[in-house]
1. Go through (1) away from the ligand (no atom under 16 Å from the Cβ); (2) surrounded by 24 or more Cβ atoms within 10 Å (Cβ to Cβ); (3) not hydrophobic (A, V, I, L, M, F, W, C) one by one and return the number of the condition B:GLY139 breaks.
2. Just give me the residues in the stretch B:50-101 being in a loop (DSSP other than H, G, I, E, B), away from the ligand (no atom under 13 Å from the Cβ), within 20 Å of B:ASN504 (Cα to Cα) and not polar (S, T, N, Q), in sequence order.
3. If you check A:LYS46, A:LYS42, which single one turns out to be under 22 Å from B:LYS243 (Cα atoms) and either assigned to a strand (DSSP E or B) or more than 11 Å from the chain's Cα centre (by Cα) (or both)?
4. Of all residues in the stretch B:432-458, which are within 9 Å of chain A (Cβ to nearest Cβ) and within 16 Å of B:PRO260 (Cα to Cα)?
5. Going by what's in this entry, would B:LYS243 be described as of a type in the set (Lys, Arg) and under 19 Å from B:THR74 (Cα atoms)?
6. Quick check on my filter: what residues within the stretch B:431-452 are within 21 Å of B:ARG543 (Cβ to Cβ) and out of contact with any Pro (no Cβ under 7 Å at 6 or more places or on another chain)?
7. With the structure loaded, tell me whether B:ALA203 is part of a strand (DSSP E or B), within 25 Å of B:LYS122 (Cβ to Cβ) and open to solvent by less than 10 Å² (accessible area, probe 1.4 Å) or whether it fails that test.
8. In the stretch B:232-260, which residues are open to solvent by less than 10 Å² (accessible area, probe 1.4 Å), in contact with a strand residue (DSSP E or B) (Cβ under 9 Å, 6 or more places away or on another chain) and more than 8 Å from chain A (Cβ to nearest Cβ)?
Amino acid sequence: MKVKIKAKFFAMPRDYQGERELEMEVSEDFQQALEEIDSRTKIGIKEKLDKRFVILINGRNYRKVLEDKGKLEEGDNLAFVPFLGGG
Amino acid sequence: MSNNKYFGYAGKILTVDLSSSDYVVEDTPFDLIVNFMGGKGFGAKILYDELKPGCEPLSEDNIMVVATGPLTGTLMPASGHVTLSTKSPLTGIWLDSHCAGFLGPELKMAGYDAIIIKGKAKKPTVLVIKDDGVSFEDGRDLWGKFTFESQELLRKKYGENCQFMCIGPAGERKARFANIVSGGRGFGRGGSGAVMGSKNLKAVVVKGTRGIGIYDLDGFMRMCTEAYNELTVSPDTGGGRPKYGTNSIYSFMIEAGAHPVKNFQTGVFEAVKECNEDVLDKKYYKRHIACFSCPINCSKASRVDDGKYKGKFTEGPEYENMWSLGAQCGNSNIGSIIYGEHLCDEYGLDAISTGNVIGFTMECFEKGILSEKQIGFPVKFGNDEAIIKFIEMMAKGEGVGELMSQGVRQMSKELGKGTEKFAMHVKGMEIPAYDPRGAFGMGLAYATSDRGACHLRAWTLGAEILDVRNRIDPFATEFKAELVKSQQDFYAVIQSAVVCLFLNFGLTQRQITRCLQSLTGIKEWKTTEDILKIGERIYNLTRLFSMREGISAKDDTLPQRLLREPTKEGPTKGVVVDLDTMLKEYYLIRHWDREGRPTKEKLTELGLDKYK
Ligand code: SF4
């Protein structure tokens, strides 16, 4: 099954990508979707996820969300946020 | 070279009495060093012992302790900070305030770990500290002048290489959240500028040429090199922060619903499309600025090139002020934020409190509690010109500005009509730029921060939202008490070793412990646990200080808006903070009783027996 999601890029991932957000159709299976997003963006998910940045699904840590609902759903927001501290 | 007994320290404390224009220089006691480290720790111990309980913060009885720490002014990265501790005229309780830049190292090179400022000068005075010399000079010609002009005149008179702390017109007229400015930086929050004004002390000039002894030179150099390397590879200190400054998190905080809008009425800020860190970077940031010995250079020089604020500039704007003069007031005009921040620096006003108060006033106007006649002009959310006018009115004490400059707690007391429900403060300190309804830990952090609502005593958002390993749910209460307590203790260490708190986003506790160990050789500071114990001791002592001034468990709370008023839209829709559950756990972990008082056993364990 394919679902429509919005990928949003923050700080450094936005610099790599060169845009703030992107609408995409991806597989509902999260791992599969990550590969699809990786091949269509410049942010380097394989190399940098959980090292330089994290993904929030609808504002919450992706691992936590996947524990709860298992897969992506139509209309999900995926935010790519670097590990940053406050100001 | 340094000629003192202790490595990492200047070895002397200078006590100044402004009433008699006298001073004494004494050795820094070793037990003060071992148990309280420096900076905030020195302030806590000295003020608890020497300040008369119940003293009026703006009377000559109040004391200011300006202190460096062992790491200040060394090759340790980001070691240019200095702390100031006093009793706050805004909150009436404990206040420690921290200033970036270059003043800390200069003070240490002048030979002092701390200066204790007492009394009140008969006329406006400039205190000049140059190596061994201390003098009290006439400051009448500077009284009334802006902070930047004052510093320029002082520089001409005392030399290019001096560092300063200086108040502006707001501090002189004792506005309750007046700041002290140093270069383009400041001692923010809580009104230390008003305390300085109440002492008739316009400025302090510092020049020092000595050095600092190092216990294990090779080891310390190795640790500093490692620290520099670590900082350059961290996504924060080597990525987002150097490029975007403290605004690196701006859009993300709005995405998470943690950036309060219109006095915390909502977490949705549509204007983020044109008002964000990317626009700041591309359009306004002109160059980077670093503090002493700092590779992060998070500070930015900004200028407005077009529009009605063309030509205005600031060192910033900081994330906090992008919020306080921005979303908090429903304002997305970046030019006005830059100008507003500059004005706050010139007058010497804390920009967080300033913006918080303006947002509160705008809500009062929109709700019909304050009328156009009372204010003098209409002040709907988003009115950038009103923000600028309010800053001037608060600084000068004009019209409604006089009441506003006393803070939201006092304002809501005088206005009544249920305004206390949306007066966004804790213990009298205005809440900064994070909405706890987007991350519950911040609610506990604000409620238990020792100086009133503050994001620099614990900043839980990273762990709650970004941390992959812990997977802490931002909207749950579990683990928040542990998180807040451990951050408070560790931040107290950083603020007593006196380095920039942002090191915490690039270095581990272990690395900082090893830096302290190789610098000082103090055998009681072997492990991270030893160091954290000092932080815990300090946090308990500042608690005792504020309890002596009358606070108790009932003050460890949040405004009703955060506890009972869910936001109606955005990622935090329907959420309120469950503070009680977190607070109970927090007291338990801290070994504080139900009244929030440290237990006798805890005080004994921390070596604070005498304060039982
Ligand atoms: S990180 Fe920023 S505030 Fe801290 S020392 Fe460096 S430049 Fe100064």
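1. Against the list (1) away from the ligand (no atom under 16 Å from the Cβ); (2) surrounded by 24 or more Cβ atoms within 10 Å (Cβ to Cβ); (3) not hydrophobic (A, V, I, L, M, F, W, C), B:GLY139 comes up short only on (2).
2. Within the stretch B:50-101, B:GLY69, B:PRO70, B:LEU75 qualify.
3. A:LYS42
4. Kept after step one, since they are within 9 Å of chain A (Cβ to nearest Cβ), are these residues of the stretch B:432-458: B:433-434, B:438, B:455-456.
Scanning the stretch B:432-458 gives B:ALA433, B:TYR434, B:GLY438, B:HIS455.
5. Details: of a type in the set (Lys, Arg): yes; under 19 Å from B:THR74 (Cα atoms): no.
So B:LYS243 fails the test.
6. Keep residues of the stretch B:431-452 that are within 21 Å of B:ARG543 (Cβ to Cβ), which gives B:431-432, B:436, B:441-452.
Within the stretch B:431-452, B:ILE431, B:PRO432, B:PRO436, B:GLY441, B:LEU444, B:ALA445, B:ALA447, B:THR448, B:SER449, B:ASP450, B:ARG451, B:GLY452 qualify.
7. On the way: part of a strand (DSSP E or B): yes; within 25 Å of B:LYS122 (Cβ to Cβ): yes; open to solvent by less than 10 Å² (accessible area, probe 1.4 Å): yes.
It is true that B:ALA203 is part of a strand (DSSP E or B), within 25 Å of B:LYS122 (Cβ to Cβ) and open to solvent by less than 10 Å² (accessible area, probe 1.4 Å).
8. Matches in the stretch B:232-260: B:PRO260 only.
The values are calculated or read from the model by the stated rules, or taken from the named source; none is laboratory data. Note that the structure is predicted; figures quoted are calculated from it, not measured. Neighbour counts are summed over all protein chains in view; Cβ atoms, including those assigned to glycine, are modelled from backbone coordinates with ideal geometry. Surface areas here come from the heavy atoms of the whole protein model, side chains and all, with no ligands, DNA or RNA. Shrake-Rupley method; radii C 1.70, N 1.55, O 1.52, S 1.80 Å.
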